[in-house]
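Enquirer: Attaching a single structure in structure tokens format; questions to follow.
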Amino acid sequence: QVQLVESGGGLVQAGDSLRLSCAASGIRFSINAMSWYRQVPGEQREMVATISSGGRTDYADSVKGRFSISRDNAKDTVYLQMNSLKPEDTAVYYCGATWGRTYWGQGTQVTVSS
């Protein structure tokens, strides 16, 4: 059974930092591309950051220079370091694991107050 469990969300002020974690089980973590997406109610889920099995990263333009994705294959965990948070970063953040198909976690809420 595949499980992706996100943690680390919360309520912060603009300019603060948060680190999200996503612990995976039931998959061969090291061969999966991992990603973070976010979604605001009434809007489409959007890509925030991705990291390939080889460590190549990609970011949405809106978070470049502020967010950093990383992975620890020994711990089957992917991270999203979020710095200089803005109110527009408020969303539910989802972790995804892709190898052929994509599995999703349940999401963690991030709220940034101005």
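Enquirer: Just for the chain, what percent of DSSP beta bridges are antiparallel, to the closest 5? Working shown, then result.
Expert: Details: 39 of 43 bridges.
Antiparallel bridges: around 90 percent, rounded to the nearest 5.
Enquirer: Ok, one more. Determine the gain in length on full extension of the stretch residue 57-residue 25; use 0.36 nm per residue of separation and subtract their C-alpha separation, reporting nm with one decimal. All intermediate terms of the calculation are to be shown ahead of the outcome.
Expert: Numbers: separation 32, 0.36 × 32 = 11.52 nm, distance 2.18 nm.
So the extension gain works out to 9.3 nm.
Enquirer: Could you work out how much longer the chain between residue 72 and residue 47 gets when fully extended? Use 0.36 nm per residue separation minus the Cα distance between them, nm to one decimal. Could you put the intermediate results ahead of the total?
Expert: Values: separation 25, 0.36 × 25 = 9.00 nm, distance 2.04 nm.
Value of the extension gain: 7.0 nm.
Enquirer: If you roll a 1.4 angstrom probe over the protein chains with everything in place, what fraction of the accessible area of the range 2-114 belongs to carbon and sulfur, to the nearest %? Write down the numbers at each step before the final one.
Expert: Numbers: 2660 of 5940 Å².
The C+S portion of the solvent-accessible surface of the range 2-114 is 45 percent.
Enquirer: Any idea of the accessible area per residue across the chain, 1.4 Å probe, to the nearest Å²? If you can, show how the numbers build up before the last one.
Expert: On the way: 6130 Å² over 114 residues.
Per-residue accessible area for the chain comes out at 54 Å².
Enquirer: In the range 44-64, whose amide N lies under 11 Å from the spot 7 Å out along Cα-to-Cβ of residue 99? List them in ranges.
Expert: The answer is 53.
Enquirer: Can I ask one more? Within 10 Å of each candidate Cβ there may be at most 11 other Cβ atoms; applying that plus a DSSP loop requirement, which GluC sites (Glu not before Pro) in the range 1-87 survive?
Expert: 43
The values are calculated or read from the model by the stated rules, or taken from the named source; none is laboratory data. The model shown is predicted, which means the values in this text are computed figures rather than measured ones. Note: ideal-geometry Cβ built from the backbone for every residue, glycine included; neighbour counts use all protein chains shown. Please note that ligands, DNA and RNA were not included when accessible areas were found on the heavy atoms of the full protein model with its side chains. Shrake-Rupley method; radii C 1.70, N 1.55, O 1.52, S 1.80 Å.
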